[in-house]
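What follows is one structure encoded as structure tokens, with my remarks underneath.
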Amino acid sequence: MLGQSEWATNRKVFASLVEDILVQAPGAAVASDQPCREADLAVDFREDVEPLDHAEIDKIVAMMEARGMTAKISSIHVNGWFGNYDKLSMTKLMMEEVFRLDLDAEKESFVFVEDSPNDQPMFEFFHNSVGVANLNTLKHHLTSKPAYITSGSAGAGFVEVATALLAVRE
């Protein structure tokens, strides 16, 4: 958990960075859910704005990293934060603290489904990893790929996985 002074300092960096991003990456915007975020800055490149090209997305990543942030690309935002953590490390921590489950020992019992380059640690960790088809639009950002990719994009891809899992369960 961030202390009050660390949180305030991060907010100042985020505000200054946003000003620079909006000038240097025209068409980008602060994510509509940013007021709900505590620990990261989300810059919209596709959700509520016209899609930016890959060079503009990479520019936003570079600007965050130049400020000492970790920057990752999702399917709609570039997310930046201070600290060395990712979805996998935080998922392992949550599974241990909340469910008293050792995810390393139990990972074969799980199917991980997502659609973003920032899910790469999860795709690499879970043998049963699935990317929904819209992941292909950002495939040049992938170094670790899911074991499977659905034919459907977005929600249709998630439905495809759920349908397959329910069919096996019956």
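Details
- Computed over neighbours whose Cβ is under 11 Å from that of P26, the net charge equals -1, Lys and Arg +1, Asp and Glu -1.
- Scattering from the chain was approximated by placing one identical point on each alpha carbon and applying the Debye formula without solvent; log10 I(q)/I(0) at 0.08, 0.10, 0.19, 0.20 1/Å stands at -0.28, -0.44, -1.29, -1.35.
- Summing charges over all other residues whose Cβ lies under 12 Å from the Cβ of F99, with Lys and Arg as +1 and Asp and Glu as -1, gives -2.
- Under the Karplus curve 6.51 cos²θ - 1.76 cosθ + 1.60, θ = phi - 60°, whole-Hz ³J(HN,Hα) for segment 128-142, x wherever Gly or Pro sits: 8, 10, 10, x, 6, 4, 5, 4, 4, 5, 10, 4, 5, 8, 9
- Cβ-based charge dipole, segment 4-81, positive-most Cα from S32, A71, L52: A71
- Computed from Cα positions, the angle between helix 154-169 and the longest principal axis of the chain comes to roughly 20 degrees.
- Gaussian network model of the chain, Cα within-10 Å springs - most flexible of M90, M63, M122: M90
- Here the gap between S89 and T70, fully extended at 0.36 nm per residue and compared with their Cα-Cα distance, gives a gain of 5.4 nm.
- Beta bridge orientation in the chain: antiparallel %, DSSP, nearest 5: 70 percent
- In terms of its C-alpha gyration tensor, segment 87-169 has an oblate overall shape, because the principal axis ratio a/c (a ≥ b ≥ c, square roots of the eigenvalues) is not below 1.5 and a/b does not outweigh b/c.
- Structural descriptor for the chain: relative contact order 13 percent, calculated from alpha carbon pairs under 8 angstrom and at least 6 residues apart.
Readers should treat all values here as calculations from the given coordinates under stated rules, not as data from a laboratory. The structure presented is a predicted model; accordingly, all values stated were derived computationally and were not measured. When we count neighbours, we look across all protein chains shown, and the Cβ atoms used for this are built from the backbone with ideal geometry, even at glycine.
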